[in-house]
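The values are calculated or read from the model by the stated rules, or taken from the named source; none is laboratory data. From a predicted model like this one, the values you see are computed outputs, not experimental measurements. Ideal geometry is used to build each Cβ from the backbone, glycine not excepted, and the neighbour counts take in all protein chains shown.
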Amino acid sequence: MIRDLDSTNGTWFEGSLVSEVRLGPGATLKLVRTALRIEPEAEPLDLPPSQSRRFGELVGESLAMREVFAVLERVAATEVTVLVEGETGTGKELVARPLHEASARRGGPVVAVDCGALPEALLDSELFGHVKGAFTGAAAPRAGLLARADGGTIFLDELGRIPTSVQARLLRVLEERVVRPLGADRERAVDVRVIAASRDDLDAEVAAGRFRADLLYRLGVVRVRLPPVRARREDLPALVAELLRRRGLAEGKPRGPGLDRLHAHGWPGNVRELRNVLDRAIALAPGAARFEDLTIRIDGNLATLDDPLGVRDDLPYGAAREAVLHAFERRYVGAVLARAGGNLAAAARDAQVDRKHLRMLARRHGLVAGPAAPDDAGDGDE
Ligand SMILES: Nc1ncnc2c1ncn2[C@@H]1O[C@H](COP(=O)(O)OP(=O)(O)OP(=O)(O)O)[C@@H](O)[C@H]1O
Ligand SMILES: [Mg+2]
């Protein structure tokens, strides 16, 4: 409720002078030259936990996971934008597909984009497309992924890694529902539902000025946080059964000393680490049919190990090579820095590269503060 206390210039709402008015979300109030918009903070959806123990390929029996399932079930059939958050390996990539399948868009495409895997210029042309000759090497026109997702759903993975310039372009697409490919003189309408995922703390990224608040507000209409495995160890048997089933082993209730070992571990790499532990045990026990036939050994190196390389054979050679190098740099530099406790000099010694060079690489990937040097937009092989 807004009440004007006899102000000189008055309070304006929807073109009229008002003395008292009740405002709903999205309303804009004018006070002289200042416009105030009412934007409610997202309220936690208070739903009873789901009865279901699965959402698409995500499994979980814990209360925490069934609360997540309840929210996902509620929003699936709608047009609502969903932001999935959670630590590495918690299953964020499994959320978009079943949301799409349950919606009226199910006949349309689902297009996934790993926003962290590509350098800025490439990500831009991947998302928005380009016309022939828009830049050197653009020998043919390319429809952007947003245009390809028309009528369907786009999954923006690693949202927190989108460079600021691309964030601004993306916001326009979401606000106006049009895309303009690089070099094009016309925009075209797109009709997409957005599902986004991030392992970064986006509120902290906004506070640090690296992520646009208005974009987070747009994308975070519904925010779902996938809990880490250590907070829901009671899910371990169901997770083991599901992962073994995917590998063609019998999925009966796992038990025995192997299960005790799983329960005792902290799972920094969450379900991905569990998958890696099981995959290694399976590889070392040919002919194993059940969980009890496996020897469970836990090794910290398996925590976040993912599929190697992730080569993009849908890109031209130069761009595909650049994407792999970009991902390699981020992973490598991130790892040596972490091992050295963030000490650049020590990390440079371990990596046997010049400290300045390492700092430049670290900046390029936002791993240390400070702008990337102007010559950083290079091809990653200097
Ligand atoms: N609740 C779950 N039930 C079954 N499988 C799961 C579950 N959570 C994760 N997985 C499996 O664990 C692996 C890692 O999951 P995913 O790739 O979705 O992680 P992520 O959250 O995207 O992590 P990152 O932030 O590192 O990208 C995949 O093989 C996925 O199938
Ligand atoms: Mg992921």
* To do: Would you be able to say whether some residue in segment 111-120 is away from ligand 2 (no atom under 15 Å from the Cβ), in contact with a strand residue (DSSP E or B) (Cβ under 9 Å, 6 or more places away or on another chain) and in a strand (DSSP E or B)?
  => yes
Scanning segment 158-177 residue by residue, the ones that are away from ligand 2 (no atom under 16 Å from the Cβ) and closer than 25 Å to Ala362 by Cβ total 6
Answer yes or no as to whether Glu61 is over 20 Å from Glu242 (Cβ atoms), assigned by TED's automatic domain parsing to the domain that holds Leu215 and either crowded, with 21+ Cβ neighbours inside 10 Å or in contact (Cβ under 8 Å) with a residue 60 or more places away in the chain (or both). no
If we take segment 177-276, then helices (runs of 4 or more DSSP H) inside it with 2 or more residues that are within 12 Å of ligand 1 (Cβ to nearest atom), modelled with pLDDT of 90 or more and surrounded by 15 or more Cβ atoms within 10 Å (Cβ to Cβ) are 236-246
Gly137 vs (1) surrounded by fewer than 21 Cβ atoms within 10 Å (Cβ to Cβ); (2) within 16 Å of ligand 1 (Cβ to nearest atom); (3) farther than 27 Å from Met65 by Cα: all pass except (2)
- Does Arg142 satisfy being out of contact with any Leu (no Cβ under 7 Å at 6 or more places or on another chain), free of Cβ contacts under 8 Å to residues at least 40 places away in the same chain and surrounded by 17 or more Cβ atoms within 10 Å (Cβ to Cβ)? yes
Restricting attention to segment 88-105, the residues that are buried (at least 19 other Cβ atoms within 10 Å of the Cβ) and either under 22 Å from Asp200 (Cα atoms) or within 16 Å of ligand 2 (Cβ to nearest atom) (or both) number exactly 7
Inspect all residues belonging to segment 119-133 and state whether any of them is more than 23 Å from Pro227 (Cβ to Cβ), within 15 Å of ligand 1 (Cβ to nearest atom), surrounded by 21 or more Cβ atoms within 10 Å (Cβ to Cβ) and not assigned by TED's automatic domain parsing to the domain that holds Gly334. no
Pairs returned, first residue in segment 332-352 that is surrounded by 19 or more Cβ atoms within 10 Å (Cβ to Cβ) and of a type in the set (Lys, Arg), second residue that is at pLDDT 95 or above and assigned to a helix (DSSP H, G or I), beta-carbon separation under 7 angstrom, 6 or more apart or interchain, are none
Those residues of segment 197-226 which are farther than 20 Å from Val166 by Cβ and within 16 Å of ligand 2 (Cβ to nearest atom) amount to Val224, Arg225, Leu226
Counted residues in segment 71-105 being within 8 Å of ligand 1 (Cβ to nearest atom) and of a type outside the set (Val, Ile, Thr) come to 7
inquiry  = Against the definition (in contact with a Lys or Arg (Cβ under 6 Å, 6 or more places away or on another chain) and assigned to a helix (DSSP H, G or I)), how does Leu174 come out, yes or no?
reply    = yes
When (1) more than 16 Å from the chain's Cα centre (by Cα); (2) more than 16 Å from ligand 1 (Cβ to nearest atom) are applied to Ser50, the one that fails is (2)
> Is it fair to say Leu83 is within 16 Å of ligand 2 (Cβ to nearest atom) and assigned to a helix (DSSP H, G or I)?
Replying inline: no
Based on what the data block shows, is Gly108 surrounded by fewer than 16 Cβ atoms within 10 Å (Cβ to Cβ) and touching a Gly at 6+ places or on another chain (Cβ under 9 Å)? no
The lone condition Phe155 fails out of (1) farther than 19 Å from Gly116 by Cβ; (2) of a type in the set (Phe, Trp, Tyr); (3) within 16 Å of ligand 2 (Cβ to nearest atom) is (1)
Suppose the filter is under 30 Å from Arg363 (Cβ atoms), at pLDDT below 95, outside the structural domain of Leu239 (by TED's automatic domain parsing) and part of a loop (DSSP other than H, G, I, E, B); does Ala138 pass it?
yes
Note on segment 292-316: residues loosely packed, with under 14 Cβ neighbours inside 10 Å, of a type outside the set (D, E, K, R) and under 26 Å from the mean Cα position of the chain (by Cα) are Gly300, Asn301, Pro308, Leu309, Gly310, Val311
